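K.L.:
Mind having a look at this structure? Questions to follow.
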Amino acid sequence: MDPRVKNAVDLICDEPDYNFSQEYLAEMADLSPSRFLHLFKQHIDMPYRRFRTWKRLFLALDSLSATDNMTVAALDAGFTFSHSFRDTFGINPAYVFRGINRFEV
């Protein structure tokens, strides 16, 4: 693996609650952002943004096991629910959840 990519992955894994921008990581690797993204995908076999989402999901799962609150876990991991929902499902969550009655047990 290219040591510049390995350093970026190590940094991401060592500080899981921090969301490093691709520009910041490219600068740390002394690369242009586009070259960094190309090398990252070549060596990790996944685009940087997908890797960052994957990292956030694992952080959210860890937080969820500690707090038992999905909203807190998502926010702790850097997710915004509406944006992530829309990116994943292609629809605004308000349309989906508007008619659902919420209840507490």
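K.L.:
When only residues in segment 67-105 that are in contact with an Asp or Glu (Cβ under 9 Å, 6 or more places away or on another chain) and not charged (D, E, K, R) count, which is modelled with the highest pLDDT?
P.N.:
That would be A73.
K.L.:
Is segment 74-86 home to any residue that is aromatic (F, W, Y), under 18 Å from A8 (Cα atoms) and surrounded by 13 or more Cβ atoms within 10 Å (Cβ to Cβ)?
P.N.:
No, because not a single residue in segment 74-86 is aromatic (F, W, Y), under 18 Å from A8 (Cα atoms) and surrounded by 13 or more Cβ atoms within 10 Å (Cβ to Cβ).
K.L.:
To continue, here is another question. Here's a check for you: in segment 37-52, which residue that is closer than 13 Å to F20 by Cβ and out of contact with any helix residue (DSSP H, G or I) (no Cβ under 7 Å at 6 or more places or on another chain) is surrounded by the fewest Cβ atoms within 10 Å (Cβ to Cβ)?
P.N.:
So, considering only residues that are closer than 13 Å to F20 by Cβ and out of contact with any helix residue (DSSP H, G or I) (no Cβ under 7 Å at 6 or more places or on another chain), the one surrounded by the fewest Cβ atoms within 10 Å (Cβ to Cβ) is R49.
K.L.:
Also: Just the residues that are surrounded by 14 or more Cβ atoms within 10 Å (Cβ to Cβ) and part of a helix (DSSP H, G or I), please, taken from segment 25-36.
P.N.:
Once the filter is applied, which keeps residues that are surrounded by 14 or more Cβ atoms within 10 Å (Cβ to Cβ) and part of a helix (DSSP H, G or I), segment 25-36 yields L25, A26, M28, P33, F36.
The values are calculated or read from the model by the stated rules, or taken from the named source; none is laboratory data. Please read these numbers as outputs of a predicted model, since none were measured by experiment. Every residue, glycine among them, receives a Cβ derived from its backbone with ideal geometry; neighbour counts consider all protein chains shown.
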